[in-house]
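The structure under discussion appears below in the form of structure tokens.
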Amino acid sequence: MLTIKNLHASIEGNEILRGINLEVKAGEVHAIMGPNGSGKSTLASVLAGREEYEISEGEVIFQGKDLLEMAPEERAREGVFLAFQYPVEIPGVSTTNFLRTAVNQVREYRGKEALDAVKFLSVMKEKMKLVEIDQKLLSRSLNEGFSGGEKKRNEIFQMAMLEPTLSILDETDSGLDIDALRIVSSGVNKLKTPQTATIVVTHYQRLLDYIVPDYVHVLYNGKIVKSGSKELALELEEKGYDWIKEEAESAS
Ligand code: ADP
Ligand code: MG
Ligand code: MG
């Protein structure tokens, strides 16, 4: 589904990603972990198509197509969901209206008929139950004044509605309480299918008590320096990252 080959990316002349290789197949959940500042959010941002990054080398192929050539909205239409693609607060636009437009754009692109207001509402109700989100939240302006947990809930709801093929979730290092972790993880678990894949970028070993990843990768200094199964996350929980840094430095 997704192949990242030798990806290098810089911002303001500083190379942050220094040769990332990753292969994600349908049905898999990959966790990307690593110490602060290792480049996790940069990787997620580059996959999202944020413009401030310069890609100096490498490629990203999603379902046979060059992802890096696509504008962020094209990536979404192709079935890539990036949690922080819509983090902005949009006063006056309710989550419901925003999502109806987004969902219908994706459906149109995939050759399905648009959902009218009635059908959209019934799909929404079904997904609301699935991710345990309150209707009140959805009638408020998008993300405006949302708490950290509400933003997360909304993000997972958007994911449920858009039915992406590949979801990339960046759990930024601050502001996530235990409820938010639970929301993200139960959403990811419930939305998992054999046809879809998820990349969870996280600083928290704790998240992986709830989401069981098929693979865990450790990013350090812009490279994936170690990959393993879910046991690797437990080992990191116990031993921290120092041994990873030592291994990486003695290997280079
Ligand atoms: P992580 O998500 O793993 O904590 P980030 O991807 O956020 O790491 O950051 C990786 C590195 O890139 C950090 O050292 C950070 O300081 C640096 N970085 C991020 N943004 C910029 C920027 N605009 N200019 C220079 N360096 C940056
Ligand atoms: Mg960080
Ligand atoms: Mg980060």
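Rule-based calculations on the coordinates, nothing more; no lab input. In this text, all values refer to a predicted model and were calculated from it rather than measured experimentally. When we count neighbours, we look across all protein chains shown, and the Cβ atoms used for this are built from the backbone with ideal geometry, even at glycine.
Quickly work out the GLN105-to-GLU57 label distance, labels modelled 7 Å from Cα along the C-beta direction, and quote it in nm with one decimal.
According to this spin-label approximation, the distance is 3.5 nm.
Evaluate the distance, in nm, between pseudo-label points positioned 7 Å from the Cα of SER94 and of TYR210 along their respective Cα→Cβ axes.
Calculated label separation equals 2.7 nm.
Residue separation times 0.36 nm, minus the C-alpha to C-alpha distance between GLU69 and ALA26: what's the value?
Details: separation 43, 0.36 × 43 = 15.48 nm, distance 2.20 nm.
Fully extending the segment from GLU69 to ALA26 adds 13.3 nm.
Given R₀ = 35 Å, what would the calculated FRET efficiency be for LYS239 paired with LYS190, taking r from the Cβ atoms and rounding to 0.05?
Values: r = 31 Å, r/R0 = 0.90.
Working from the Cβ atoms, E equals 0.65.
Quick one: which residues, 5 or more positions from ILE199 or on another chain, have an amide H under 5 Å from its amide H? H modelled 1.01 Å from N in the peptide plane, none for Pro or chain starts.
Answer set, sorted by chain and number: HIS30, SER167, ILE168, LEU169.
Quick check: residue separation of GLU231 and SER147 times 0.36 nm, minus the Cα distance between them. What number comes out in nm? Mind dumping the intermediate values first?
Values: separation 84, 0.36 × 84 = 30.24 nm, distance 3.24 nm.
Length gained, GLU231 through SER147: 27.0 nm.
Taking only C-alpha pairs under 8 Å that are 6+ residues apart, what is the relative contact order of region 2-251 in percent?
Working: 424 pairs, mean separation 69.9, N = 250.
Across region 2-251, relative contact order equals 28 percent.
Roughly how many nanometres apart are two label points built 7 Å out from the Cα toward the Cβ at GLU113 and ARG18?
Taking the two extended label points, one gets 5.6 nm.
Convert each backbone phi in region 124-137 into a coupling constant with the Karplus relation 6.51 cos²θ - 1.76 cosθ + 1.60 (shift: θ = phi - 60°), then list the ³J(HN,Hα) values in order as whole Hz, x for Gly and Pro.
4, 4, 5, 6, 4, 5, 4, 9, 6, 10, 8, 3, 4, 5
Relative to the first principal axis of the alpha-carbon coordinates of the chain, what is the inclination of helix 95-109, with its axis defined by its Cα atoms, in degrees from 0 to 90 and to the nearest 10?
In the chain, helix 95-109 runs at an angle near 80 degrees to the longest axis.
Please list, ordered by chain and number, the residues whose modelled amide H lies under 5 Å from the amide H of GLU57; skip anything fewer than 5 residues away on the same chain.
Residues meeting the amide H criterion: HIS8.
Among VAL80, LEU47, VAL103, pick out the residue whose Cα is farthest towards the positive end of the charge dipole of region 1-111, where Lys and Arg carry +1 and Asp and Glu carry -1 on C-beta, about the Cα centre.
Sorting the options by dipole projection puts first VAL103.
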